[in-house]
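Student: Just passing along the structure, written as C-alpha cells.
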Amino acid sequence: MSEVIYSESLTDQNLRGKVVVLTGGAQGIGAATVKLLHSKGAHVFFGDWDEAKGLALQQSLTDSSSSSSSGSGSGGSATFRRVDVRNHDQQLALFDDALSAHKNIDVAIQCAGVVEPGGWFEPKDLNLDTVRTDPVPLRENIEINLTSVLLFSRMALAYLSSSSSTSSSSESKSSSFSKSIVLTSSIAGITEAPGLFAYSSAKHGVVGTMRALRRFGPEKYGVRANVICPWATDTQILAGVKAAWEKQRMPMNTPEDVAKMILQCAADEKVNGRAVFVAGGRGYDTEEGIDRTLPEWLGKENAQVFLKGQEILGLGGDWVNK
Ligand SMILES: NC(=O)c1ccc[n+]([C@@H]2O[C@H](COP(=O)([O-])OP(=O)(O)OC[C@H]3O[C@@H](n4cnc5c(N)ncnc54)[C@H](O)[C@@H]3O)[C@@H](O)[C@H]2O)c1
C-alpha cells in the first residue's frame, strides 16, 4: 500500500495564488481545508448551506489577513456564498464568483456531505405498511452525497479547462502544477459501513465518479481527479460514535489531517486517480493496491481479458448513446 505524504514545501509552492472552489466549507473538514488553503495564499471561494458559519469563517479569515503586519500575511483570500449543493444554479454561481474575480479556476474541491437519518432499514421500522412510504430523506441523502458531486465534477471540468492556470500570474511561483478535482468520499465508499445504506451507496458512487474521471479528465480536459476517503475524523458527523471510538483508543483524524491530504492531491501534479484512505492522520492510496492485485481478485485470465476490453473501450466514446 502506498502512503501519500504531505509536503509542506510543495503545497506552499504550488498553491500560492491559486484559485480554488470548495463546497461544504463552513465547518469540519471543509473549513479546515479553507483555512489551510488560505494560509498558503490561495484564493478560496467556498459554499455551504450553513450561512451563519460560512460568513463567520469568511470574516475571521479576512480579519486575520488584515490584522497581520503589512506584507506578512499569506496573500490569500476567502469568499463565502450560501450554496445548497442540490441546487445546480447555486453550485454554478460559486464557480462564476471565482471565474469573474480571477478569470481562472485551478482547483475544485467537494467536501459537502451529510450522514443519513436512521429509521428506514431496521426490521422494527420496515414492514409491509411502512414500506409504502417513499423514503424521501434517503433520496435527499443520495442527492447531496452523490448527484450533486457528479454535477460539481462536470462543472469543474468545464470551468477549470476554460482558462489557463495561474502559473502565469505574478503571485504564483509554481513550476509544475496541473489543475485538478478533489472529491470527498469515505471509508464507507470502499468497504461496508454498518447502518449506513444511502450514505454508503452514495460514497461508493463518489469513488466511481473519480474512477470515471481518472483517465478521461487528464486526457480530454487536462484536469486530474482524486478522491479522499477519511476514516473516523473528529467532526460533528462522528458525534454518535465518538465516545465508543475514543474508549477503544481507535485511530482518529483531526479535520486538519484530512485537509492536508486534500491539499497534497491538489498540489502534486503527479497525483491522479488515487483514493486516499486517511486514518490516524496518515494517508494511503487504496487504488494502487486494487489495480496491482487485479489478477488475484478477478482471476489471472479474467484480468488479462478485462484489460484488453478496457483498451477496446478507450475513453468510452463509442460506449455511450449519442
Ligand atoms: N468526519 C468523518 O469521520 C468523515 C469520515 C468519512 C467521510 N467524511 C466526509 O467528509 C466530508 C466532510 O464532512 P465533515 O466530517 O467535515 O462533516 P461536517 O458536518 O462538519 O461538514 C460537512 C459540511 O457540509 C455542509 N453541507 C451538508 N449538506 C450540504 C448541502 N446540501 N449544501 C451545502 N453544504 C452542505 C455542512 O453544512 C457542513 O458544513 C463529508 O462529505 C463526509 O461525508 C467524514
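Student: Check every one of the helices (runs of 4 or more DSSP H) wholly within region 28-127 and list those with 1 or more residues that are in contact with a helix residue (DSSP H, G or I) (Cβ under 8 Å, 6 or more places away or on another chain), touching a residue at least 60 places away in the same chain (Cβ under 8 Å) and not aliphatic (A, V, I, L, M).
Tutor: Here the list reads 28-39, 88-102.
Student: In the list ASP50, ASP84, ASP12, which residue meets the criterion of being within 27 Å of ASP234 (Cβ to Cβ), in contact with a Phe, Trp or Tyr (Cβ under 7 Å, 6 or more places away or on another chain), modelled with pLDDT of 95 or more and among the acidic types (Asp, Glu)?
Tutor: ASP84 is the lone residue from the list that is within 27 Å of ASP234 (Cβ to Cβ), in contact with a Phe, Trp or Tyr (Cβ under 7 Å, 6 or more places away or on another chain), modelled with pLDDT of 95 or more and among the acidic types (Asp, Glu).
Student: Check whether at least one residue in region 168-178 is outside any loop (DSSP other than H, G, I, E, B) and at pLDDT below 95, and report yes or no. I'd like the intermediate steps shown before the answer.
Tutor: Let us first name the residues in region 168-178 that are outside any loop (DSSP other than H, G, I, E, B), namely 168.
Going one step further and asking which of them are at pLDDT below 95, we end up with 168.
Yes: region 168-178 contains one or more residues that are outside any loop (DSSP other than H, G, I, E, B) and at pLDDT below 95.
Student: When you scan region 279-318, how many residues do you find that are part of a helix (DSSP H, G or I), free of Cβ contacts under 8 Å to residues at least 12 places away in the same chain and among the acidic types (Asp, Glu)?
Tutor: Here the count works out to 4.
Student: Next question. Out of the residues in region 205-236 that are under 12 Å from the mean Cα position of the chain (by Cα) and part of a helix (DSSP H, G or I), state the one that is nearest to the ligand (Cβ to nearest atom).
Tutor: By that ranking, first place goes to VAL206.
Student: In addition: Check off (1) within 16 Å of the ligand (Cβ to nearest atom); (2) crowded, with 18+ Cβ neighbours inside 10 Å; (3) closer than 30 Å to VAL271 by Cα for GLN90 and give me the number that stays unchecked.
Tutor: Failing condition for GLN90: (2).
Student: OK, next. If you check ALA239, ALA244, which single one turns out to be more than 11 Å from the ligand (Cβ to nearest atom), over 13 Å from the mean Cα position of the chain (by Cα), of a type in the set (A, V, I, L, M) and exposed (fewer than 15 other Cβ atoms within 10 Å of the Cβ)?
Tutor: ALA244
Student: Let me ask something else about it. For SER200, work out the one condition from (1) within 11 Å of the ligand (Cβ to nearest atom); (2) in contact (Cβ under 8 Å) with a residue 40 or more places away in the chain it doesn't fulfil.
Tutor: So SER200 meets the others, but not (2).
The values are calculated or read from the model by the stated rules, or taken from the named source; none is laboratory data. Nothing here was measured: the structure is a model prediction, and the numbers come from that model. Counting neighbours? That spans all protein chains shown, and the Cβs are built from the backbone with ideal geometry, glycine included.
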